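Novice: Let me begin by handing over the structure; questions about it come next.
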Amino acid sequence: MSAKTMLRGETVLTGRARLIVASALMLFVQLALIRWTGANLVHLSYFSNLILLASFLGIGLGFLRSRTSNDLGRYVPIGLLILVAFIMVFPARIEGSSTDLIFFTEVRPTGLPTWVSLPLVFIVIAITMTGFGEITGRAFREFKALDAYRWDIIGSILGTLSFTLIAFLRAPSWIWPIVTLFALWLLYGPRLPWVSRIAMVLIIGTLVVESLMAGISWSPYYKVHTEIQNAGTINEFTNIQVNGIPHQNVMDVQQRLKAEPVYGRPYERAIDNPLNNVLVVGAGTGTDVALALARGAKHVDAVEIDPRIQQIGSQVNPNKPYDDPRVSVHINDGRAFLSSNDTKYDLILFALPDSLTLVSGASQLRLESYLFTKESITAARDHLTDDGVFAMYNYYREPWLINRLAGTLDEVFGHAPCLDTFTVVQSLAAITIGKQADNAVCAPAATWDRASIAAAAQEIPVPAVDDRPFLYLKTQTIPDIYLIVIGLILAVSLIGIRIFGGPLRAMRGYGDLFFMGAAFLLLETRSITTFALLFGTTWLVNALVFTGVLVAVLLAIEVTQRARKPIPRPFIITALFASLLVAFLIPNEMLLGLAVPLRLLFAVAIAFAPVFFANLLFTSRFKNAANPTAAFAANLFGAMIGGCLEYLSLILGYQWLLAVAAGLYLIAVLVGQRQASKSPVSA
């Protein structure tokens, strides 16, 4: 066991416990920063992997710095304080993007321009994570390579589970710096400089003030702000903002219909519909549910992904729809709900289900991405009764997006939908279609017509599909804004590695580990997107998948450690490429039709087998590294490049990311064979 002491000049934790706590803290802070910075700097809600890439860069630099005598990890709270201060002084709301890529909610931006905020945040996070990486790297160096990797992964699992618990409890933002301070005290004790202690106290105080502001609460996805407008008048309503963006207004359903008649259009088109069973996806605070009840629905399944938003609806919605015995509430992802039951509905509504964040760890996967694909619309059609009607409505912002969705319904149902647009608000529309053509009755001149739209030279983008679920990306390309961000990241990274990482010769000889890191990040992305499709884009699914990946890595370490004889490298390579081939040849849609337990079994086997064999390849190489910290840094820098390569999914789709990963592993194998023929790298 690790020695513990409170004597001045000595660390509180040493040995294995120190490495475990350092690794747990490093990942915990990374996850906390993704959540908190995205809640206050809205650009990061849509560039969540920017923090991931900055973290990989910083941690890699920290591992390289761990060989120096001057421990700068003790001062890591200063970097955190600078980051928190910058974001609190210059908070930002997102500005609508180009016509090729929609950030769904448009508001006027505040704070500094995107091109200023993002690079500055990237640099500050990279420098801050360098400190956490240095703390972990110094503990890492006390062990043989594979032993260090084992305790590092165990710590990462604990860090992930700790943050998952905080998300589950919907804890306020000041909790994460308290956890950070506690862990730093375990690592440094009285040796933690006073300037660092003061910095952490200032961070905690700042976030306590943030959390005590009127109407502030946290969901697993957002920082939520509620505020009563027009208090005491007949027009009183509750305004909800999430991550600094207007999200919903909670008001009486009749008041809502007067202000926004789009809510009532599906019922006007679904003439003589019995409304025996209604499904509302994106139930939110309950307005759509209340309207369904007011129109005579005998039963409503209300599906909402965010438990806090639904809870607010239960508390403040004046119509109290969630108290009605006719309503069944399901806190779940809409696509996952459809795939987990075979209930038939007279009316299915996709009621403004637009998220304001990405699924962490995946470059362009939004919470609702899999809800608007051609396969999802097909599933919704199959859940309709013979007299059933499907409808969706939202502020679609761009005419081409309306045409994409209407065109998708046209292809899936085999006939044209009704299209009701409202010119008062930009591209506000309701799209309604019956399972049979005469189930929905369109108003005069309100039938979407593909031929006339094409004749008018308007764009009808192809439907989004499960493999490329990028509804808001008009063409199969990488938007300029992402290319600019990637270019800035690479430029800053090269400069940072050269200035702060010292001579690059320390990593010479570990080129194969670099390519393994890039490939592994793509495998992790593919695992997250697979489980998001099969089981939902919820925060819990994402956390469990990330933990599952780490467990697969730990299993590979244990197998390598406990094997009486070294596992033959040709066997590992063959198994890796075979598992990648199986994952590539078995598309996710084949698993969607299976019962949930069987679906889970196959998903785990197909997604995690390549992860396991990839880490057998890594550990079999890493255990003999003469300079484990430099080798690990090379792997982390590779992971950062893999994070940039994630954006290829916008062109290729997620399935073909497996082919890119296979190509990177092939390069790693060839480079490794070349390096093996040379003399071992000296420390």
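Novice: Quick test of your reading of the structure: Leu367 fulfils all but one of (1) at pLDDT 85 or above; (2) hydrophobic (A, V, I, L, M, F, W, C); (3) within 30 Å of Leu550 (Cα to Cα). Name the failing condition by number.
Specialist: Among (1) at pLDDT 85 or above; (2) hydrophobic (A, V, I, L, M, F, W, C); (3) within 30 Å of Leu550 (Cα to Cα), the lone unmet condition for Leu367 is (1).
Novice: Here is a check on your reading of the model: is Leu207 assigned to a helix (DSSP H, G or I), of a type in the set (A, V, I, L, M, F, W, C) and closer than 26 Å to Ile305 by Cβ?
Specialist: yes
Novice: Is region 500-522 home to any residue that is touching a residue at least 40 places away in the same chain (Cβ under 8 Å), part of a helix (DSSP H, G or I) and touching an Asp or Glu at 6+ places or on another chain (Cβ under 8 Å)?
Specialist: Scanning region 500-522 turns up at least one residue that is touching a residue at least 40 places away in the same chain (Cβ under 8 Å), part of a helix (DSSP H, G or I) and touching an Asp or Glu at 6+ places or on another chain (Cβ under 8 Å).
Novice: Counting only residues that are at pLDDT 95 or above and either among the small types (Gly, Ala, Ser) or in contact with a helix residue (DSSP H, G or I) (Cβ under 7 Å, 6 or more places away or on another chain) (or both), give me the helices (runs of 4 or more DSSP H) lying completely in region 556-622 with at least 3 of them.
Specialist: Filter on region 556-622 gives 569-585, 596-622.
Novice: Under the condition of being of a type in the set (Phe, Trp, Tyr) and assigned to a helix (DSSP H, G or I), which residue from region 99-136 is modelled with the highest pLDDT?
Specialist: Per the stated criteria, the residue is Phe132.
Novice: Looking for something modelled with pLDDT under 95, part of a helix (DSSP H, G or I), of a type in the set (Lys, Arg) and not assigned by TED's automatic domain parsing to the domain that holds His43 - is there at least one such residue anywhere in region 215-223?
Specialist: No, the conditions are met nowhere in region 215-223.
Novice: Follow-up question, since we're still on this one. Quick check, is Leu52 under 13 Å from the mean Cα position of the chain (by Cα) and either crowded, with 23+ Cβ neighbours inside 10 Å or not hydroxyl-bearing (Ser, Thr, Tyr) (or both)?
Specialist: It is true that Leu52 is under 13 Å from the mean Cα position of the chain (by Cα) and either crowded, with 23+ Cβ neighbours inside 10 Å or not hydroxyl-bearing (Ser, Thr, Tyr) (or both).
Novice: Please enumerate the residues belonging to region 141-198 that are out of contact with any helix residue (DSSP H, G or I) (no Cβ under 7 Å at 6 or more places or on another chain), assigned to a helix (DSSP H, G or I) and among the small types (Gly, Ala, Ser).
Specialist: Residue satisfying the conditions is Gly189 alone.
Novice: What about Pro444, is it within 29 Å of the chain's Cα centre (by Cα), assigned to a loop (DSSP other than H, G, I, E, B) and farther than 30 Å from Gly58 by Cα?
Specialist: So Pro444 does not fit the description; no.
The values are calculated or read from the model by the stated rules, or taken from the named source; none is laboratory data. From a predicted model like this one, the values you see are computed outputs, not experimental measurements. No Cβ is skipped: glycine too gets one built from the backbone with ideal geometry, and neighbour counts run over all protein chains shown.
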